[in-house]
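Report on the structure given below.
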Amino acid sequence: MGTCQWSRVISSTLSTDVNWSVNTIGLPLTVEPTSFQLAAGATQRITVTATSVALALTTGALVKSYLALRPALQLYRGGQIRAWPGPPCG
């Protein structure tokens with residue numbers, strides 16, 4: 001099966017720079033970068049890669065996988081975005 005790769009772009013709505021970390025919830029996915037500083041009003045591209053193991057798990061299944069974004073300082077609230085793109089990856 002190989003791998004499948006896609007990107008998500010996030011935008012800051014904050015008025016200050018914030019350091020973030022990214023983890024995956026659900027499927028065994030690889031994400032790059034796993035941490036970054038996002039300037040006020042800036043955007044960041046996150047690349048997600050699914051290996052053959054993750055792709056095999058999705059065959060004919062409803063997939064719920066998310067990217068968890070966590071701020072370095074607890075002054076800001078983190079969140080989750082849907083990680084799995086659907087076709088053509090699965």
Within region 1-20, restricting attention to residues that are surrounded by 15 or more Cβ atoms within 10 Å (Cβ to Cβ) and farther than 20 Å from GLY41 by Cβ, which residue is modelled with the lowest pLDDT? CYS4
The number of residues in region 1-47 that are without any contact (Cβ under 8 Å) to a residue 40 or more places away in the chain and in contact with a helix residue (DSSP H, G or I) (Cβ under 6 Å, 6 or more places away or on another chain) is 1
Mind listing just one residue for me: the one in region 24-35 that is at pLDDT 85 or above and in a strand (DSSP E or B) and, of those, surrounded by the most Cβ atoms within 10 Å (Cβ to Cβ)? VAL31
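The values are calculated or read from the model by the stated rules, or taken from the named source; none is laboratory data. All values derive from a computational prediction rather than experimental measurement. Backbone-built Cβ (ideal geometry, glycine too); neighbour counts: all protein chains shown.
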